[in-house]
Structure formats: C-alpha cells, structure tokens
Amino acid sequence: MIAELNQLDGAEPRTGVLPMGSGSAVWALDTTRGVIGGHEAGGAEALLDDDERRRASRLLRPGDRRTYLASHLGLRVLLGGYLGVAPGEVRLVREDCPSCGGPHGRPAVAGGGVHFSLSHSGDLAYFAFAGVPVGVDVEGLPSAAAVADVLSSLHPAEAAEIAALPEDGRRAALARVWSRKEACLKGIGTGLAEGLAEPYVGAGADPARVPGWSLSDLPAPPDHAAALALHTP
C-alpha cells in the first residue's frame, strides 16, 4: 500500500524518474486550483488536443467541464515531466479494446514510454504512472439508494459481504468495491463494458487477490475510497 500521495499543486512538479518494475507513482490534485503545475487552469484548453477539447465541450455542467479540463491539464503536466516534453507536446492515443478490438481501449501515450491512469470524483483527481499497465480510481461515498441499485450487479460474494454489514457501513463498503473494481478494469482497458461482476475484489478491509494484478487501497479524504491496480506479468 502507498502510504501517502504526491500532491500536484501550483508549482512545476518534480516527477523524478518513472518507476519501473513493480513500482508506481500516484498523484492527487484539487481540481479547483487556479494554477496547476505552473500553468493557469483557465488556459488548459490551449494545451489539450482536439479530442480532449471535444470531450470537454460536451459537458454541460460548468463544474464538470472545469474538473475535466483541470484533470487533463494535470495529466499532461505530469506526463510531460516523466517524458521530458512540454505538456502540450504529449500525444495521447487509445489502445484497441481487449473485448471488441475497437479503438476505445486504455488511453496511452503515442510511442509508449509510460503507462498511466486518471480518475476524478467531485473536485478531486488521482493520477497513476508506471512502467506496466496501471489503473487508479477514486470514488465518493454512494447514496444508500445507489447501494441498493448496484448490489445485484456485483459479484455474488461481494453483494453478500455488503448485505451482511450494518446499514451504516454499506456505503463505505460499496465505495471500496467500486474503486478497486474500476482500478482493475481501467488497467485491463475494458472499463465497465463487461459489467460489474468480475473481477472479484472483496468488500472487506483488504482487497482480494486478483490474478495478474497487484491491487491495493490508496489513502483518500474522508467519505472517499481509492485504489490502485498494477499489472504483474
């Protein structure tokens, strides 16, 4: 488990050398910041590519658009630090989907060099970087109604574990399950296309073992859960 997170603030980040082997680097960002890694958040669009700008333009709520722009600016700042290029020079592509072969799999850097993952929830963004496929996810606590709606879609063992808890513990348990599962699915590149049942990640204090992946919980603010999945060849 990573004991603490790197914080991306207003200063240019000291990314250092990209972790290799079983190592990873995880960063967190408050997406309401006015300056992110030495760049004005208001000028984020100028550093993004056409696809990112299109995605941002489709977001109708100003808060959602701000979060998207800020998190993608942060991603480019950090990728640029690891790759030794300016944020606007980072070229992003999509890998082929493992399920259908379509061009909507994991986001990646053209030419490789670093694996990364991005997640945001509310005004909080998490980034993970590694030399192997990696997935990160952060989630706010769901509502009680969301717990009831989602329970039947989970792995049967996870559903049973959550249902066995006192009602006031179920929201946090679902947040743990959701962040762990999303981290794995982002690392694999399928997302939620194949549903929520697999892989089994467990609802307890420690994640279950997932074949081919090292799964760990990350530090998170109150009322949040976060997880990291790192491929283990």
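Of the strands (runs of 3 or more DSSP E) lying entirely inside region 74-180, those carrying at least 1 residues that are of a type in the set (Phe, Trp, Tyr) are 115-121, 124-130.
In region 16-36, the residue that is surrounded by the most Cβ atoms within 10 Å (Cβ to Cβ) out of those that are assigned to a loop (DSSP other than H, G, I, E, B) and at pLDDT 95 or above is 31. Filter region 209-218 down to the residues that are out of contact with any Leu (no Cβ under 6 Å at 6 or more places or on another chain) and either in contact (Cβ under 8 Å) with a residue 40 or more places away in the chain or more than 16 Å from residue 136 (Cα to Cα) (or both), then identify the one that is most open to solvent (accessible area, probe 1.4 Å). Here the residue is 209. Contact map, region 109-138: first residue among the polar types (S, T, N, Q), second residue open to solvent by 10 Å² or more (accessible area, probe 1.4 Å), Cβ cut-off under 7 Å, separation 6 or more or different chains; pairs are 117/186; 121/139; 121/140; 121/224.
I'd like the full set of residues that are farther than 15 Å from residue 90 by Cβ, assigned to a helix (DSSP H, G or I) and of a type outside the set (A, V, I, L, M), limited to region 46-58.
Residues of region 46-58 that are farther than 15 Å from residue 90 by Cβ, as a first pass: 54-58.
Narrowing the set further to residues that are assigned to a helix (DSSP H, G or I) leaves 54-57.
Of everything in region 46-58, those that are farther than 15 Å from residue 90 by Cβ, assigned to a helix (DSSP H, G or I) and of a type outside the set (A, V, I, L, M) turn out to be 54, 55, 57.
Does residue 195 satisfy the condition of being touching a residue at least 24 places away in the same chain (Cβ under 8 Å) and under 24 Å from residue 95 (Cβ atoms)?
Criteria met by residue 195.
Only one of the listed residues (145, 160, 205, 164) is under 28 Å from residue 27 (Cα atoms), free of Cβ contacts under 8 Å to residues at least 24 places away in the same chain and exposed (fewer than 13 other Cβ atoms within 10 Å of the Cβ). That residue is 205. Using the structure shown, decide if residue 153 is open to solvent by 10 Å² or more (accessible area, probe 1.4 Å) and touching a helix residue (DSSP H, G or I) at 6+ places or on another chain (Cβ under 8 Å). Spelling it out, it is not the case that residue 153 is open to solvent by 10 Å² or more (accessible area, probe 1.4 Å) and touching a helix residue (DSSP H, G or I) at 6+ places or on another chain (Cβ under 8 Å).
The values are calculated or read from the model by the stated rules, or taken from the named source; none is laboratory data. These figures come from a predicted structure and were not determined experimentally. Glycine also receives a Cβ, built like all others from the backbone with ideal geometry; neighbour counts cover every protein chain displayed. Side chains are part of the model used for accessible areas, which takes the heavy atoms of the whole protein and leaves out ligands, DNA and RNA. Shrake-Rupley method; radii C 1.70, N 1.55, O 1.52, S 1.80 Å.
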